[in-house]
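The block underneath contains the structure these notes are about, expressed in structure tokens.
The values are calculated or read from the model by the stated rules, or taken from the named source; none is laboratory data. Keep in mind it's a predicted model, so treat the numbers as computed, not measured. A quick note on method: Cβ atoms are made from the backbone with ideal geometry, for glycine too, and the neighbour counts reach across all protein chains shown. Heads up: the accessible areas ignore ligands, DNA and RNA and are worked out on the full protein's heavy atoms, side chains in. Shrake-Rupley method; radii C 1.70, N 1.55, O 1.52, S 1.80 Å.
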Amino acid sequence: MSKTVKNLGHMAIGAVTVLALFGAVSVATSGDPGTSTDPVVTRSYVEERLSEIEDAFVKDLNALSDQIEALESSSGSGTTAPAPGAPPAFVVVELEEGSTVVFGENTQVILRGGSATAIAAENDLPDVTGGAGLGMGQKIPLNHLIIIPKDDGRGMKINARTWLMISGKYSVTGPAQ
């Protein structure tokens, strides 16, 4: 993509140069040269100004190319934090019966298929979709958004092969995944 941007930049520089030269020629051939509305300028002055404009354009284009390359290299790495205001990234996790998953602070989870029960010793699992808290051993409803506010051991016990969408930190123990 940056190669395309650079090629477009070179074409744009060429177009700006041609337009500027065309403008200089049309000014030189029109009306009375040397008046306040049509000043006489030297060729070296026009070339110098075009060079300054081209240098500024190339500098801006290179800065944009660098930003694009930085964005391309950071996307997909999974190690960078999402941009402020960006929706959370969910990963799909498949778990086998007998597994236990414990969630970290500010984690969001949705049970997409299978069966699981809540692990919540002192506090419940906040079921945002259902508008209630799920206590210890309660069945987790399918397609409900569960938010884990604190890193205090809350999680799920997997009762059958299960698929979860998780955004945030989690750890899995039990049978191989």
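The criterion of at least 3 residues that are closer than 12 Å to V93 by Cα and not aliphatic (A, V, I, L, M) is met, among strands (runs of 3 or more DSSP E) falling completely within region 126-177, by 155-167.
Residue-by-condition table, conditions (1) open to solvent by 70 Å² or more (accessible area, probe 1.4 Å); (2) under 12 Å from S99 (Cα atoms); (3) in contact (Cβ under 8 Å) with a residue 24 or more places away in the chain; (4) not charged (D, E, K, R):
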{"position": "V109", "(1), (2), (3), (4)": "no, no, yes, yes"}
{"position": "A116", "(1), (2), (3), (4)": "no, yes, yes, yes"}
{"position": "G133", "(1), (2), (3), (4)": "no, no, no, yes"}
{"position": "Q138", "(1), (2), (3), (4)": "yes, no, no, yes"}
{"position": "P149", "(1), (2), (3), (4)": "no, no, yes, yes"}
{"position": "R154", "(1), (2), (3), (4)": "no, no, yes, no"}
{"position": "T162", "(1), (2), (3), (4)": "no, yes, yes, yes"}
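Quick check on region 37-55: of everything there that is open to solvent by less than 80 Å² (accessible area, probe 1.4 Å) and of a type in the set (D, E, K, R), which residue is farthest from L19 (Cα to Cα)? This residue is D38. Is one or more of the residues making up region 88-95 farther than 17 Å from M156 by Cβ and either at pLDDT below 90 or loosely packed, with under 11 Cβ neighbours inside 10 Å (or both)? Within region 88-95 (the criterion being farther than 17 Å from M156 by Cβ and either at pLDDT below 90 or loosely packed, with under 11 Cβ neighbours inside 10 Å (or both)), the answer is yes, since at least one residue qualifies.
A count restricted to region 37-63 and to residues that are without any contact (Cβ under 8 Å) to a residue 40 or more places away in the chain, hydrophobic (A, V, I, L, M, F, W, C) and part of a helix (DSSP H, G or I) stands at 5.
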